């Protein structure tokens with residue numbers, strides 16, 4: 001896992017906005033940290049998140065990757081939209097596992113940025129964690145500020 005202390009904190013209003021994702025809420029994804037160029041979230045694998053063979057559904061893992069990708073790529077306060085996400089499924093997650101997903105900025109220019117996003121499963125079978133997916137993701141940085149002064153005044157105080 002990454003030492004998040006090497007990433008600068010972000011404005012609390014921006015962090016609150018990035019952590020307020022309806023899909024994340026629906027799937028039970030919870031943010032633990034959002035910093036400039038870094039984000040980490042968790043999701044518990046419940047019965048409703050399994051595929052037919054009984055392992056964590058690939059679409060659920062992709063949703064976790066996408067939610068973290070959105071947070072990390074927008075963490076500098078400039079609107080970024082996904083252009084490409086290439087994901088490799090390495091192992092299966094199991095019922096009861098906690099999936100921990102971390103996104104780390106690899107490169108950022110004025111118009112694009114690239115992120116590495118990793119998912120680890122922690123559970124009964126692998127209490128020390130097992131790397132289950134990795135993604136390389138690219139965004140186009142639109143240039144629009146994420147937080148305006150009106151948004152900051154109306155931002156939720158947290159989750």
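The values are calculated or read from the model by the stated rules, or taken from the named source; none is laboratory data. Quick caveat, the model's predicted, so the values are computed rather than measured. Counting neighbours? That spans all protein chains shown, and the Cβs are built from the backbone with ideal geometry, glycine included.
Numbers for the structure displayed
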quantity: Candidate set from segment 14-28 (those that are assigned to a loop (DSSP other than H, G, I, E, B) and closer than 14 Å to residue 65 by Cα); member that is modelled with the lowest pLDDT; calculated: 21
quantity: Members of segment 32-50 that are surrounded by 15 or more Cβ atoms within 10 Å (Cβ to Cβ) and either farther than 20 Å from residue 134 by Cβ or without any contact (Cβ under 8 Å) to a residue 60 or more places away in the chain (or both); calculated: 33, 34, 35, 36, 42, 43, 44, 49, 50
